[in-house]
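Data first, discussion second: the structure below is written as structure tokens.
The values are calculated or read from the model by the stated rules, or taken from the named source; none is laboratory data. Note that the structure is a prediction, hence the values are computed from the model and not measured. Cβ: placed from backbone, ideal geometry, glycine included. Neighbour counts: every protein chain shown. Quick note on the areas: whole protein, heavy atoms, side chains included, nothing else; ligands and nucleic acids left out. Shrake-Rupley method; radii C 1.70, N 1.55, O 1.52, S 1.80 Å.
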Amino acid sequence: MQPSLPKPSAAYVILTALSLSLGWGVRGNFGHEYGAMLPGALAALAAVLLSGRPDWYARAPFFAMFGALGWSFGGSMSYMQVIAYTHSGDSTSVLYGFACLFVIGFLWAAPGGVGTSFPATLSRDRLTELFGPIAAALAAWQFEGWLLEPWLHRMGYSLDWYDSDWLGALVALGVGVVLSLLRGKLDRATSLILYMAGGWWAGFVVLVLVLGLRMTPPRGDNWAGCLGMTAGLLAYCLRTGLPEAARAGLVTGTVGGISFAGASMIKLVAVTSGFNTNWHSVLEQTTGLINGLGVALAMWNLARSSPPVEDRAASSNSSPWAASLAVAFTLLAIPMVNLRKNTRDWVNAKAVPAEMYGWSAETWFGLAFVVVAVGLAALLYRHARRPIAVVPESRLGQGQALYLLLMAIMVVGNFERALV
């Protein structure tokens, strides 16, 4: 327990909310699951660095990584048509739109809250156990996008089944089954993948295929899969001794539902003023701001109630490179999957040629990131053996540096996209 913590400061609440607001605005320019990683990572870091919990500071890279992953899943849901319902002159359509926005907001923010809370509630061993299954799932999804989907399209198969991510959920389910067979058992880490992927399929089959419920036809029905996935995630938390993580998810989910519906209501009221501005940007920033308040509330409850975390591994099986991998994920993976989309805008604006020496602009961009990745790996290796002077000595300072670096990279990358 942490009974001596003071009440949350204004800086804690404001910075956490603004971090998710900023990230949410940038997310809108990149979109989908990859774009949603940024607000998740920034808000998690802000909440941790101002939490007053020194034992959390050493885990700042883990908070950034799991916060990003938790908030990413909601990016698969379509919600612009739901917002359009709230603009209707028909009261039934308006109420339907706001109700659906609450559901989508809850399903987006609840996994975000669970992911953000994992480093605060899991032991070092349980935290690092998740790295293998997560890496396997991410690698399988890359294989799906690069090889499996193009091959299936060439074979003449249509993958547009209710415009959903059914194939990705199936691949994740397969990853969980294969890992269980290879390990000869179903461990806690692999079961997380199975709970989420199995929950996705249960929600999609029951709600869409059996009951015929479609939220915004002809747009996608990933909301149904996300509902099942969220239920599976909460069930996993409750069945594996993580009720605090489930509680954090319910808090962020509830505030997330209020955020999506409330921000749209605020926008509609503001539009009636007759003032001409980018009201969609106001909608995005307000949505992120309220969601950030949810993260601040959930993490403060955890800061008061959760016992101190022990950052030393209890067994030799925990990878000593886990923190370095989390840093690399935050500073390399999140920017890479988002900023690579900039190359299309650069080529369209004729700022760079479509090809150079027979290689596309996208290939050159990827090679540049490989060079950066090698450089970062060398620096992390060097710092582990003999600390580099420019890296802050304190865990708090290191977390602050990680926050500022990620924000700077993505803000610059966002300007490169908007101002070619």
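On inspection, Ala303 fails the criterion of being in contact with a helix residue (DSSP H, G or I) (Cβ under 9 Å, 6 or more places away or on another chain), open to solvent by less than 10 Å² (accessible area, probe 1.4 Å) and without any contact (Cβ under 8 Å) to a residue 40 or more places away in the chain.
The single condition among (1) among the hydrophobic types (A, V, I, L, M, F, W, C); (2) within 24 Å of Phe260 (Cβ to Cβ); (3) surrounded by fewer than 24 Cβ atoms within 10 Å (Cβ to Cβ); (4) under 23 Å from the mean Cα position of the chain (by Cα) that Ala84 does not meet is (4).
Yes/no matrix, rows are residues, columns are (1) open to solvent by less than 80 Å² (accessible area, probe 1.4 Å); (2) farther than 24 Å from Asn29 by Cβ; (3) not small (Gly, Ala, Ser):
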| residue | (1), (2), (3) |
| --- | --- |
| Val295 | yes, no, yes |
| Glu310 | no, yes, yes |
| Trp321 | no, yes, yes |
| Ser324 | yes, yes, no |
| Val327 | yes, yes, yes |
| Lys350 | no, no, yes |
| Gly366 | yes, no, no |
| Phe369 | yes, no, yes |
| Leu376 | yes, yes, yes |
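Scanning the range 329-343 for residues that are under 11 Å from Gly366 (Cβ atoms) and open to solvent by less than 10 Å² (accessible area, probe 1.4 Å) yields one hit, Thr343.
So is Ala235 open to solvent by 30 Å² or more (accessible area, probe 1.4 Å) and either among the hydrophobic types (A, V, I, L, M, F, W, C) or part of a helix (DSSP H, G or I) (or both) or not? So Ala235 passes the test.
So which of Trp161, Trp141 ends up being in a loop (DSSP other than H, G, I, E, B), out of contact with any Asp or Glu (no Cβ under 9 Å at 6 or more places or on another chain), open to solvent by 30 Å² or more (accessible area, probe 1.4 Å) and of a type in the set (Phe, Trp, Tyr)?
Numbers: Trp141 fails: in a loop (DSSP other than H, G, I, E, B).
Exactly one residue qualifies, and that residue is Trp161.
Close contacts from the range 96-119, counting a first residue that is open to solvent by less than 10 Å² (accessible area, probe 1.4 Å) and a second that is basic (Lys, Arg), with Cβ to Cβ under 8 Å and a gap of 6+ residues or different chains, come to Pro119/Arg59.
Results for (1) surrounded by 15 or more Cβ atoms within 10 Å (Cβ to Cβ); (2) within 24 Å of Phe131 (Cα to Cα); (3) free of Cβ contacts under 8 Å to residues at least 60 places away in the same chain, shown as yes or no for each residue.
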| position | (1), (2), (3) |
| --- | --- |
| Lys185 | no, yes, yes |
| Ser191 | yes, yes, yes |
| Ala202 | yes, no, yes |
| Val206 | no, no, yes |
| Leu211 | no, no, yes |
| Pro217 | no, no, yes |
| Asn222 | yes, no, no |
| Gly225 | yes, yes, no |
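Those residues that are closer than 17 Å to Ala328 by Cα, of a type in the set (A, V, I, L, M, F, W, C) and open to solvent by less than 60 Å² (accessible area, probe 1.4 Å), I need them from the range 379-399; list them, please. Once the filter is applied, which keeps residues that are closer than 17 Å to Ala328 by Cα, of a type in the set (A, V, I, L, M, F, W, C) and open to solvent by less than 60 Å² (accessible area, probe 1.4 Å), the range 379-399 yields Leu380, Ile388, Val391. Candidates are the residues of the range 238-249 that are touching a residue at least 12 places away in the same chain (Cβ under 8 Å) and of a type outside the set (Lys, Arg); the one that is most open to solvent (accessible area, probe 1.4 Å) is Glu244.
Taking each residue of the range 262-288 that is within 15 Å of Tyr85 (Cα to Cα) and open to solvent by less than 40 Å² (accessible area, probe 1.4 Å) and looking for partners that are of a type in the set (Asp, Glu) and not in a helix (DSSP H, G or I) with beta-carbon atoms closer than 8 Å, six or more apart or interchain, yields nothing.
Once the range 37-55 is narrowed to residues that are modelled with pLDDT under 95 and part of a helix (DSSP H, G or I), the residue that is least open to solvent (accessible area, probe 1.4 Å) is Asp55.
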